[in-house]
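K.L.:
I am attaching a structure below and will ask some questions about it afterwards.
The values are calculated or read from the model by the stated rules, or taken from the named source; none is laboratory data. This structure is a prediction, so every number in the text was calculated from the model and none was measured. Virtual Cβ from ideal backbone geometry, glycine too; neighbours counted across all protein chains shown. Just the protein is used for accessible areas: all its heavy atoms, side chains included, with ligands, DNA and RNA removed. Shrake-Rupley method; radii C 1.70, N 1.55, O 1.52, S 1.80 Å.
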Amino acid sequence: MSELDAPESTKPVFDRRKVVVVFVLGGPGAGKGTQCVKLVNEFRFSHLSAGDLLRAEQNREGSEFGELIRTCIREGNIVPMEITVKLLENAMKAEIEKNNGAEGWTDGRGRFLIDGFPRKMDQAIKFGEEVCVASLVLFFTTTEGIMLHRLLERGKTSGREDDNVESIRKRFNTYKEQTMPVVKYYAELGKVAEIDSSRSIDEVYRDAAQWMRKILNKDS
Ligand code: UDP
Ligand code: MG
């Protein structure tokens with residue numbers, strides 16, 4: 001079936017010619033969030049962290065998913081994809097409305113860094129079919145030793161229920177078993193920018209920024 005024959009409901013909500021989506025992947029503690037904050041400052045992307053959206057939903061009064069999300073996060077498991085995909089879609093719509101008129105954001109346009117997503121193949125497929133096709137995956141990679149050290153440091157102040165050794169071990173397993181196949185899938189499509197994030201924040205950023213320049217020139 002060609003794209004034109006597809007029923008309306010199976011088309012992505014956002015047109016990839018207008019909306020640039022960059023996924024940001026890497027193990028827990030690889031530096032995704034840190035680099036996203038810097039990229040947003042320079043390139044006016046909207047930064048949506050799937051984990052942050054899930055934590056907000058978990059704490060939202062009246063949410064029917066609160067307990068389910070809490071358990072998944074503590075156990076290092078992936079929350080059922082329908083929940084996360086819907087939260088992202090809603091957040092994207094809200095950002096497009098909010099930023100309308102800013103550079104890169106006129107007439108339904110938008111640019112998003114989606115941090116910590118997709119972590120599992122089913123999410124990747126569903127997001128591509130229903131929300132938007134991604135342009136690039138920024139993939140931050142370093143050793144488990146470095147990630148563990150960074151997460152334990154972060155855990156001293158983050159207040160996150162999953163920044164403890166037991167949860168971290170489970171998150172590493174989920175990352176290897178569920179998320180690495182996603183990285184491989186996009187690598188086969190030629191969409192992965194792999195960046196060694198063992199280095200200093202500024203060194204890593206230099207590489208990440210270079211990729212962003214490339215993608216923005218190509219798509220605009
Ligand atoms: N999570 C999920 N689906 C996602 C993203 C996150 O279920 O698409 C859950 C998962 O349990 C994960 C936790 O949220 O371990 C924390 O994710 P976050 O991205 O905040 O962790 P980070 O990679 O920043 O350490
Ligand atoms: Mg993060």
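K.L.:
Among DSSP bridges having both ends in the chain, what percentage is antiparallel? Round to the nearest 5.
P.N.:
Approximately 0 percent, going by the DSSP bridge assignments.
K.L.:
When only DSSP loop residues count, what GluC sites (Glu not before Pro) in region 32-108 have their Cβ near at most 13 other Cβ atoms within 10 Å?
P.N.:
GLU61, GLU64, GLU103
K.L.:
Provide the per-residue ³J(HN,Hα) series for region 89-94, in order, calculated from phi with Karplus coefficients 6.51, -1.76, 1.60 and θ = phi - 60°, each as a whole number of Hz, with x at glycine and proline positions.
P.N.:
So the J values, rounded to whole Hz, are 4, 5, 5, 5, 4, 5.
K.L.:
While we're looking at this one, here's another question. On a full-extension model of 0.36 nm per residue, what is the gain between ASN164 and MET121, subtracting their alpha-carbon distance, rounded to one decimal in nm?
P.N.:
Contour length minus the Cα-Cα distance gives 12.9 nm.
K.L.:
On to the next question. Under the rule that an exposed site lies in a DSSP loop and has at most 13 other Cβ atoms within 10 Å, name the longest stretch of the chain with no trypsin sites (Lys or Arg not before Pro) of that kind, not counting the sites themselves.
P.N.:
61-220
K.L.:
If you don't mind, another one. Can you compute the helix-only [θ] at 222 nm over the chain? Use -39500 (n - 2.57) per DSSP H run of at least 4 residues, normalise by all residues, nearest 500 deg cm²/dmol.
P.N.:
Calculated mean residue ellipticity at 222 nm is -16500 deg cm²/dmol.
K.L.:
Give a residue-ordered list of calculated ³J(HN,Hα) values for region 180-188 (Karplus: 6.51 cos²θ - 1.76 cosθ + 1.60, θ = phi - 60°; whole Hz; x for Gly, Pro).
P.N.:
4, x, 5, 4, 4, 4, 6, 5, 5
K.L.:
Let me ask something else about it. Residues with amide H under 5 Å of ILE195's amide H, sequence separation 5 or more or different chain, H placed in the peptide plane at 1.01 Å from N; which?
P.N.:
Hits under the 5 Å cutoff: PHE139, PHE140, THR141.
K.L.:
Would you calculate the volume per residue, in Å³, of the smallest convex hull containing every Cα atom of region 96-220?
P.N.:
Cα-based convex hull of region 96-220, divided per residue, equals 152 Å³.
K.L.:
Right, next: Expressed as a rounded percentage, what relative contact order does the chain have, with Cα pairs under 8 Å and six or more residues apart?
P.N.:
33 percent.
K.L.:
Continuing with this model, one more query. Based only on the alpha carbon positions, what is the Kirkwood hydrodynamic radius of region 24-72, in angstrom?
P.N.:
Kirkwood hydrodynamic radius for region 24-72: 12.4 Å.
K.L.:
What are the extents of the Cα atoms of region 130-176 along their three principal axes, listed from largest to smallest and rounded to whole Å?
P.N.:
Its Cα atoms span 37, 22, 19 Å along the three principal axes.
K.L.:
Please compute the per residue accessible area over region 43-146 with all protein chains in place, 1.4 Å probe, rounded to a whole number of Å².
P.N.:
Per residue, region 43-146 has an accessible area of 45 Å².
K.L.:
Would you kindly derive the ³J(HN,Hα) couplings of region 102-108 from the backbone phi angles with the Karplus curve 6.51 cos²θ - 1.76 cosθ + 1.60 (θ = phi - 60°), listing them in order in whole Hz, with x for Gly and Pro?
P.N.:
Whole-Hz 3J(HN,Hα) from phi for region 102-108: 6, 4, x, 10, 8, 6, x.
K.L.:
Which of these, THR106, THR142, THR84, has the largest mean-square fluctuation under a Gaussian network model of the chain (Cα springs below 10 Å)?
P.N.:
THR106
K.L.:
Related question: Can you tell me the dipole magnitude for the chain around its Cα centre, using point charges on the Cβ only (Lys, Arg +1; Asp, Glu -1), in Debye to the nearest 20?
P.N.:
520
K.L.:
If DNA, RNA and ligands are ignored and the probe is 1.4 Å, what is the ranking of TRP211, TRP105 by accessible area, most exposed first?
P.N.:
Result of the area sort, largest leading: TRP211, TRP105.
K.L.:
Sticking with this structure for a sec: Please work out whether region 88-136 counts as rounded, prolate or oblate from its C-alpha gyration tensor, where a ≥ b ≥ c are the square roots of the eigenvalues and a/c under 1.5 means rounded, while otherwise a/b larger than b/c means prolate and anything else oblate?
P.N.:
Verdict is prolate for region 88-136.
K.L.:
Between rounded, prolate and oblate, where does region 1-138 land on the alpha carbon gyration tensor, with a ≥ b ≥ c its root eigenvalues, rounded for a/c under 1.5, else prolate if a/b exceeds b/c?
P.N.:
It is oblate, given that a/c is not under 1.5 and a/b is not larger than b/c.
K.L.:
May I pose another question? Please report the carbon-and-sulfur percent of the accessible area for the chain; probe 1.4 Å, protein heavy atoms only, DNA, RNA and ligands left out.
P.N.:
49
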